[in-house]
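Worksheet: the structure to be examined is printed underneath.
The values are calculated or read from the model by the stated rules, or taken from the named source; none is laboratory data. The structure displayed is predicted, hence computed values, not measured ones. Ligands, DNA and RNA are stripped out before the accessible areas are found, and what is left, the full protein with its side chains, is counted by its heavy atoms. Shrake-Rupley method; radii C 1.70, N 1.55, O 1.52, S 1.80 Å.
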Amino acid sequence: VPVDLTHADLGAQMINLAKDIGGDSAEIILTHVVHDIPAYAAVEISGDLLEKTHKWAKAELEKLAKDNNVSGPADLRHGSAGSAILEAAAEHEADLVIIGSHKPGMADYFLGSTAGRVVRHAQCPVLVMR
């Protein structure tokens, strides 16, 4: 379940849906992707701030798991969200990916760009929540 940590309500909804679909025996793996900072911007940001952001994201992901009784691993990744989610699904041999989608702009009208990439390239079914 890819999770947007800024929208914990949606994360909890996705977790509940995964539990409903998978039943008691389902292993739920929460995945969150921290975008890489472009090199030209990284020069201006302290390593300490990047480390604090990583620790915050990991703690929030683990809190979401604990608050929603998810015993599977909290998988924090770095990079492009679409690619990292696809890699996580493949590594964990996911049977289903549940992903949130924002209101799209004109470039990605029907799905958000990350959700669209995951839907197009995933090797398993993908359920998109708005």
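Some values worked out for this structure:
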| quantity | calculated |
| --- | --- |
| Choice from A88, A59, A18 with maximal GNM fluctuation in the chain (Cα, 10 Å cutoff) | A59 |
| Whole-number accessible area per residue in Å² for the chain, which is evaluated in the context of all protein chains at 1.4 Å | 63 |
| Relative contact order %, the chain, counting alpha carbon pairs below 8 Å whose residues are six or more apart | 28 |
| Gaussian network model of the chain, springs between alpha carbon atoms under 10 Å - residue of D75, D20, D48 with greatest fluctuation | D48 |
| Debye-sum result for the chain in log10 I(q)/I(0), which assumes one identical scatterer on each alpha carbon, at q = 0.11, 0.17 Å⁻¹ | -0.39, -0.91 |
| Total lysine pairs whose alpha carbons fall under 17 Å of each other in the range 41-104 (8 or more apart, or interchain) | 4 |
